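Report on one structure; see the data block that follows.
The values are calculated or read from the model by the stated rules, or taken from the named source; none is laboratory data. Because the structure is a prediction, the values reported are computed rather than measured. To get the accessible areas, we keep the full protein, side chains included, count just its heavy atoms, and leave off ligands, DNA and RNA. Shrake-Rupley method; radii C 1.70, N 1.55, O 1.52, S 1.80 Å.
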Amino acid sequence: QEGTSHLEYLLQSWRVSGKAYIVISHDTRWLSRVTSRLWVMQEGHVIYDGSWEDAVQVRTALQAIGFVDAVADR
């Protein structure tokens, strides 16, 4: 937990300062806290590239890859 909290703090500080970074995870709730944009990939192809704010598109893309309840309320 402590390591995750530190990583989350670091990523959020980078986000606020405008630094770019890439995080790969299946934990969409955590990703929505530490990133402003996401790429959803299926079989090596990007099927969504955009903001978490477009909840309908995010939900559709995540459902397409089997994350049926993946969009967390932010």
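Sequence-ordered 3J(HN,Hα) estimates for the range 32-46 from the Karplus curve with 6.51, -1.76 and 1.60 and θ = phi - 60° stand at 5, 7, 10, 10, 10, 9, 9, 10, 10, 10, 9, 6, x, 10, 6 Hz, glycine and proline given as x. Sorted largest first by accessible area at a 1.4 angstrom probe radius, with every protein chain in place, the residues TYR9, TYR21 fall in the order TYR9, TYR21.
Taking all protein chains as they are arranged and a probe of 1.4 Å, the heavy atoms of ARG15 leave approximately 80 Å² accessible to solvent. With the whole protein complex present, HIS26 retains an accessible surface near 150 Å², based on a 1.4 Å probe. The C-alpha atoms of the chain define a longest principal axis, and helix 2-17 lies at about 80 degrees to it. Using only Cα coordinates, the Kirkwood hydrodynamic radius of the chain works out to 13.0 Å.
The C-alpha atoms of the chain define a longest principal axis, and helix 55-64 lies at about 70 degrees to it.
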